[in-house]
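J.: The following block contains the structure, expressed as structure tokens.
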Amino acid sequence: MNKKRLLIVDDESGFTRLLKLTLEKTGNYIVKEENDGTNAWLVARDFRPDLVFLDIVMPKIDGGDVAQQIRSDPMLANVPIVFLTAIVSQKETNSESVAFPSWPSR
Amino acid sequence: MKSGIEIERDLQPNLPLLKVDAGKISQVFVNLFTNALHAMEDGGLLAVRTYSKQLTGVGSNVADSRSESFRVGQQIVVAEIDDTGHGIPEDKLAKIFEPFFTTKPTGRGTGLGLSVVRTIIDLHGATIDIRNLHEAGVRVTLMFQS
């Protein structure tokens with residue numbers, strides 16, 4: 001079976017390590033973590049993920065802007081993005097930066 | 001706080017101290033409480049108990065892969081979280097720690113919470129057991145070696 005490639009973008013390295021460990025121990029996924037949101041788009045271009053986990057609130061750049069970068073890239077436009085956040089405020093769910101079907105919390 | 005949810009606390013004072021990553025263990029409890037609340041949309045009872053005891057046996061009450069690290073006679077700390085929600089279908093119980101498995105409606109859960117909880121518990125050399133209660137709801141039992 002082809003392993004699915006998952007990219008986790010979150011500034012909390014403790015969380016990305018934990019999620020990476022959780023996913024990799026199934027043997028079903030190749031997981032890459034990125035803790036600097038400003039690198040996310042280029043890392044995604046290089047890694048070619050099947051799915052991106054994306055934190056919404058990050059320093060330097062927020063998840064909505066990263067998502068827009070990814071969506072604007074024809075090479076990545078169809079990659080599903082799952083938002084991960086510890087805080088889901090009304091403002092975040094109303095974000096107009098890009099449209100997503102759901103806003104699951106951790 | 002959700003309306004219609006009653007909280008019952010039975011917390012043993014002077015529990016033995018445990019060496020844990022407090023942030024990660026907080027994440028475990030937040031996740032378990034959130035799941036319990038989501039299972040009680042129409043209200044219910046969330047009961048939390050903590051106590052210590054001497055382990056009298058390993059087996060059905062230490063029901064996961066870490067059970068070999070527990071010894072009979074050892075002092076353990078137990079945390080139990082009961083809810084009176086809709087429970088987990090018996091045929092789904094074996095899968096609840098798998099990443100991306102969720103019984104929640106689309107858009108309500110990523111199916112990552114319990115799998116991450118399981119990883120944190122494993123890293124602490126502890127155990128987690130989740131089972132349906134006869135009456136209604138679910139009991140989550142965490143056991144830590146003290």
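J.: So which of A:Phe47, A:Phe53, A:Phe15 ends up being farther than 24 Å from B:Ile120 by Cβ and aromatic (Phe, Trp, Tyr)? So that I can check it myself, show each step before the final result.
T.: On the way: A:Phe53 fails: farther than 24 Å from B:Ile120 by Cβ; A:Phe15 fails: farther than 24 Å from B:Ile120 by Cβ.
Of the residues listed, the single one that is farther than 24 Å from B:Ile120 by Cβ and aromatic (Phe, Trp, Tyr) is A:Phe47.
J.: Further, regarding this structure: Inside region B:14-60, can you point out the residues that are closer than 18 Å to B:Asn132 by Cα and polar (S, T, N, Q)?
T.: Those that are closer than 18 Å to B:Asn132 by Cα and polar (S, T, N, Q): B:Asn31, B:Thr34, B:Asn35, B:Ser60.
Each row is one residue, and each column tells you yes or no for (1) under 25 Å from A:Lys4 (Cβ atoms); (2) under 15 Å from the mean Cα position of the chain (by Cα); (3) within 14 Å of chain A (Cβ to nearest Cβ); (4) of a type in the set (A, V, I, L, M).
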{"site": "B:Asp82", "(1), (2), (3), (4)": "no, yes, no, no"}
{"site": "B:Gly85", "(1), (2), (3), (4)": "no, yes, no, no"}
{"site": "B:Ile88", "(1), (2), (3), (4)": "no, yes, no, yes"}
{"site": "B:Lys92", "(1), (2), (3), (4)": "yes, no, no, no"}
{"site": "B:Glu98", "(1), (2), (3), (4)": "yes, no, yes, no"}
{"site": "B:Gly111", "(1), (2), (3), (4)": "yes, no, yes, no"}
{"site": "B:Val117", "(1), (2), (3), (4)": "yes, yes, yes, yes"}
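J.: From the set of residues in region B:43-57 that are in contact with a Gly (Cβ under 7 Å, 6 or more places away or on another chain) and over 14 Å from B:Glu8 (Cα atoms), which is modelled with the highest pLDDT?
T.: Here is the first cut: in region B:43-57, the ones in contact with a Gly (Cβ under 7 Å, 6 or more places away or on another chain) are B:43-44, B:54-55.
Restricting the remaining residues to those that are over 14 Å from B:Glu8 (Cα atoms) gives B:54-55.
Details: B:Gln54: 91, B:Leu55: 86.
In this case the residue turns out to be B:Gln54.
J.: If I go through region A:22-48 residue by residue, how many of them are over 24 Å from B:Lys24 (Cβ atoms) and not β-branched (Val, Ile, Thr)? Give the derivation first.
T.: Start the filter on region A:22-48 by keeping residues that are over 24 Å from B:Lys24 (Cβ atoms), which leaves A:30, A:38-48.
Filter once more, keeping what is not β-branched (Val, Ile, Thr): A:39-42, A:44-48.
So the answer is 9.
J.: Another question, if that's okay. For region B:114-131, enumerate the residues that are touching a residue at least 60 places away in the same chain (Cβ under 8 Å) and surrounded by 21 or more Cβ atoms within 10 Å (Cβ to Cβ).
T.: Scanning region B:114-131 gives B:Leu114, B:Val116, B:Val117, B:Ile120, B:Ile121, B:Ala126, B:Thr127, B:Ile128.
J.: Quick check on region B:101-123. Is at least one of its residues closer than 23 Å to A:Gly14 by Cβ and of a type in the set (Phe, Trp, Tyr)?
T.: For region B:101-123, residues closer than 23 Å to A:Gly14 by Cβ and of a type in the set (Phe, Trp, Tyr): absent.
J.: Which members of region B:70-80 meet the condition of being under 17 Å from the mean Cα position of the chain (by Cα) and among the β-branched types (Val, Ile, Thr)?
T.: Kept after step one, since they are under 17 Å from the mean Cα position of the chain (by Cα), are these residues of region B:70-80: B:76-80.
B:Ile76, B:Val77, B:Val78, listed by residue number.
The values are calculated or read from the model by the stated rules, or taken from the named source; none is laboratory data. A quick note: this is a predicted structure, and the numbers were derived from the prediction, not measured. Backbone-built Cβ (ideal geometry, glycine too); neighbour counts: all protein chains shown.
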